[in-house]
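Chemist: Take this structure, written in structure tokens, and hold onto it; I'll ask about it next.
The values are calculated or read from the model by the stated rules, or taken from the named source; none is laboratory data. Worth saying up front: this structure is predicted, and the values here are computed from it rather than measured. Note: ideal-geometry Cβ built from the backbone for every residue, glycine included; neighbour counts use all protein chains shown. SASA here: full protein model, heavy atoms, side chains in, ligands and nucleic acids out. Shrake-Rupley method; radii C 1.70, N 1.55, O 1.52, S 1.80 Å.
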Amino acid sequence: MSIRSVIKPTILAVLTTAFAGVGAMASLAKAAEATQPAPMSVPRHLAASSSAESEAMLLAARRYATFWNTGDQAWAQLALAPTFIDHTLPHGREQGPGGPLQASRGFRTAVPDLRAEVTEMIAAGDRVSVRLHFSGHFTGQFGKVQGQGQIIDFQAFDLYRVADGRITDNWHLEDNLTLLQQMGIVQQ
């Protein structure tokens with residue numbers, strides 16, 4: 001299935017035209033259309049050179065952001081190297097590519113309608129920095145706490161090292177205090 005069959009051709013034409021001046025984004029859109037089963041996340045703000053290396057790094061970062069946005073593990077498997085290392089691994093999370101899969105399953109149990117929007121993406125050298133905006137409703141279970149439909153709205157920041165078109169390392173910070181306050185787990 002191509003993106004063309006998922007997104008109306010008019011929207012695809014507008015996006016392609018809007019990104020025509022940015023070589024990296026135009027190439028990413030064409031690569032995604034040719035090889036991906038569903039639309040990938042598109043950053044609101046992008047800063048990167050238009051080299052093949054930058055395009056591969058941005059593609060890996062967009063695939064990973066799409067995993068967080070959709071929960072579809074296939075996107076994480078495309079984005080993460082088999083040797084992936086989480087340098088800010090939370091207690092109890094599995095190291096390696098399985099860790100983000102575990103985290104996503106747990107988070108989506110608590111917030112089934114979770115959305116992750118890329119608000120900033122910057123590529124330089126072998127690094128990509130990404131600012132994500134997470135939103136949804138706490139209607140599921142988080143540990144022993146049952147959600148009551150609370151609005152979830154918080155930010156996260158990731159710094160990836162990318163090699164051979166896959167994320168090998170990640171350093172991340174989430175605004176967990178805001179998240180836990182919104183869930184009613186920590187008092188404001």
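Chemist: Suppose the filter is over 14 Å from Asp169 (Cα atoms) and either open to solvent by 20 Å² or more (accessible area, probe 1.4 Å) or in a helix (DSSP H, G or I) (or both); does Leu132 pass it?
Modeler: Details: over 14 Å from Asp169 (Cα atoms): yes; either open to solvent by 20 Å² or more (accessible area, probe 1.4 Å) or in a helix (DSSP H, G or I) (or both): no.
So Leu132 fails the test.
Chemist: Please work out which one of (1) part of a strand (DSSP E or B); (2) modelled with pLDDT of 95 or more; (3) open to solvent by 60 Å² or more (accessible area, probe 1.4 Å); (4) not charged (D, E, K, R) is the condition Gln148 fails and give its number.
Modeler: Failing condition for Gln148: (1).
Chemist: Just the residues that are among the hydroxyl-bearing types (Ser, Thr, Tyr), in a strand (DSSP E or B) and out of contact with any Gly (no Cβ under 9 Å at 6 or more places or on another chain), please, taken from the range 80-123.
Modeler: Taking the range 80-123 first, the residues among the hydroxyl-bearing types (Ser, Thr, Tyr) are 83, 88, 104, 109, 119.
Filter once more, so that each one left must be in a strand (DSSP E or B): 83, 119.
Thr119, the sole residue that qualifies.
Chemist: Which numbered condition in (1) modelled with pLDDT under 95; (2) touching a helix residue (DSSP H, G or I) at 6+ places or on another chain (Cβ under 6 Å); (3) not aliphatic (A, V, I, L, M) is the only one that Gly23 fails?
Modeler: The failed condition is (2).
Chemist: Tally time: how many residues in the range 57-95 are open to solvent by 40 Å² or more (accessible area, probe 1.4 Å) and out of contact with any helix residue (DSSP H, G or I) (no Cβ under 6 Å at 6 or more places or on another chain)?
Modeler: So the count comes out to 14.
Chemist: Right, another one. Going by what's in this entry, would Phe157 be described as surrounded by fewer than 18 Cβ atoms within 10 Å (Cβ to Cβ), within 15 Å of the chain's Cα centre (by Cα) and among the aromatic types (Phe, Trp, Tyr)?
Modeler: Details: surrounded by fewer than 18 Cβ atoms within 10 Å (Cβ to Cβ): yes; within 15 Å of the chain's Cα centre (by Cα): yes; among the aromatic types (Phe, Trp, Tyr): yes.
In short, yes.
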